[in-house]
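See structure below.
Taken together, the values in this text are just the output of simple stated rules run on the coordinates, not laboratory data. Quick caveat: nothing in here was measured; it's all calculated off a predicted structure. With ideal geometry, Cβ positions are generated from the backbone for all residues, glycine too; neighbour counts draw on all protein chains shown.
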Amino acid sequence: MKKIWWVVIVPGILAVAAGAFVLLLFLIKLLWAWTVPDLFPGAVEQGLVVGTISWVTALKLAVFVAVLSGLASALASRHGSKEG
């Protein structure tokens, strides 16, 4: 009985995680297309900055932000332990 439970739950969890990941990439693409052309209209018109990004670029941005937030939390916890 327990084996059947794992066969059903694990693929469901993987499907939810994959859906959340795709949603995150979609949100990054949407936010880029929404904010960058308004912030840098001249640069977008001249082709210095792209108005939309690809899925791969959104993935790279997601990884970059994850690494930065991981470093920030590691440094914050390290700094907090020195004070106490």
Would it be correct to say that Trp55 is among the aromatic types (Phe, Trp, Tyr) and in contact with a helix residue (DSSP H, G or I) (Cβ under 9 Å, 6 or more places away or on another chain)? yes
Six or more apart or on different chains, Cβ under 9 Å: which pairs go from a residue in the stretch 29-43 that's more than 19 Å from Ala58 (Cα to Cα) to one that's in a helix (DSSP H, G or I)? Could you list them? Ala43/Val36
Per the filter on the stretch 33-84, residues among the basic types (Lys, Arg) and closer than 27 Å to Phe21 by Cβ are Lys60
Test: residue in the stretch 61-84 that is of a type in the set (Asp, Glu) and either touching a helix residue (DSSP H, G or I) at 6+ places or on another chain (Cβ under 9 Å) or surrounded by 10 or more Cβ atoms within 10 Å (Cβ to Cβ) (or both): no
So which helices (runs of 4 or more DSSP H) stay within the chain end to end and still have 3 or more residues that are within 23 Å of the chain's Cα centre (by Cα)? 2-39, 55-83
